[in-house]
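Visitor: What follows is a structure written as structure tokens; I'll ask about it next.
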Amino acid sequence: MGLTALALVWLLSRQAGAEGVTIGFGLAIALVLVLGWIGLRQRKGRAAALLAIPALLVAAVGVGLMPSALPATERAADTLPGAEPFSTARLAELRAAGRPVFVYFTADWCITCKANEAGALARQSVAAHFQQREIAVLVGDWTTGNAEIGRFLATHGRSGVPLYLYYPPGGEPEILPQILTPGRLLALGE
């Protein structure tokens, strides 16, 4: 449970920044105090049902104070140098220019995505290969549920991430496996 709590704090920091984590900790402490107080009253045989209202109020205030999600560019550092945020318009531009394009869709809460980023995409050899072959990289960050990315995933028969696509110049996209290896990425553009 402790590891799950740490993962949730990390995810909150990625989505709402330090302010969100501070509010989250304050909210958790306030809820523990209110629920502890309710528990003490119950043990003494006093009515506590109406006391759940303060707990709900604390939760509502905390949610109301939570900052909105940070933009994707602030949440995630590019795994591959020169990577750009995904848009269908940018993909169309790159394809019209005859460039090979690697598109990947990820989310901060996706464990498979993070494993692929650390184990394959962040490799220097992969970055050098993409640079040498002039493979453009577009990153679709679906952490907060971007509607354009959702529609694009659906057109490829997917309801979630990860999705990795390689568009050769003038060709149809190739859907890559959900588990990437550096060797598979180094074969792109050959």
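The values are calculated or read from the model by the stated rules, or taken from the named source; none is laboratory data. Because the structure is a prediction, the values reported are computed rather than measured. Positions of Cβ are generated from backbone atoms using ideal geometry, with glycine treated the same way; all protein chains shown enter the neighbour counts.
Visitor: Any chance the range 120-140 includes a residue that's within 21 Å of L11 (Cβ to Cβ) and within 13 Å of the chain's Cα centre (by Cα)?
Guide: Taking the range 120-140 as the starting set, the residues that turn out to be within 21 Å of L11 (Cβ to Cβ) are 121-122, 139-140.
Then drop every residue that is not within 13 Å of the chain's Cα centre (by Cα), which leaves 139-140.
Within the range 120-140, one or more residues are within 21 Å of L11 (Cβ to Cβ) and within 13 Å of the chain's Cα centre (by Cα).
Visitor: How do the helices (runs of 4 or more DSSP H) wholly within the range 1-115 filter down when requiring 2 or more residues that are more than 30 Å from T155 (Cβ to Cβ) and either in contact with a Leu (Cβ under 7 Å, 6 or more places away or on another chain) or modelled with pLDDT of 75 or more (or both): which remain?
Guide: Values: elements: 2-43, 52-65, 72-75, 88-96.
The qualifying helices (runs of 4 or more DSSP H) are 2-43, 52-65.
Visitor: Only one of (1) under 14 Å from T181 (Cβ atoms); (2) buried (at least 17 other Cβ atoms within 10 Å of the Cβ) fails for V139. Which number is that?
Guide: Unmet condition: (1).
Visitor: So which residues in the range 81-120 are aliphatic (A, V, I, L, M) and over 18 Å from P168 (Cα atoms), if there are any at all? Spell out how you get there, then give the answer.
Guide: Going through the range 81-120, the residues aliphatic (A, V, I, L, M) turn out to be 83, 89, 91-92, 94, 96-97, 101, 103, 107, 111, 115, 118, 120.
Listed by number, the residues that qualify are A107, I111, A115, A118, A120.
Visitor: Among the candidates L165, L185, which residue alone is in a helix (DSSP H, G or I), modelled with pLDDT of 95 or more and within 18 Å of G82 (Cβ to Cβ)?
Guide: Answer to the check: L185.
Visitor: Which members of the range 134-162 meet the condition of being in contact (Cβ under 8 Å) with a residue 12 or more places away in the chain and either under 14 Å from A83 (Cα atoms) or in a helix (DSSP H, G or I) (or both)?
Guide: Listed by number, the residues that qualify are E134, I135, A136, V137, L138, V139, G140, D141, E148, I149, F152, L153.
Visitor: State all residues of the range 95-114 that are out of contact with any helix residue (DSSP H, G or I) (no Cβ under 7 Å at 6 or more places or on another chain), surrounded by fewer than 19 Cβ atoms within 10 Å (Cβ to Cβ) and touching a residue at least 60 places away in the same chain (Cβ under 8 Å); if no residue qualifies, say none.
Guide: R95, G98, R99, T112
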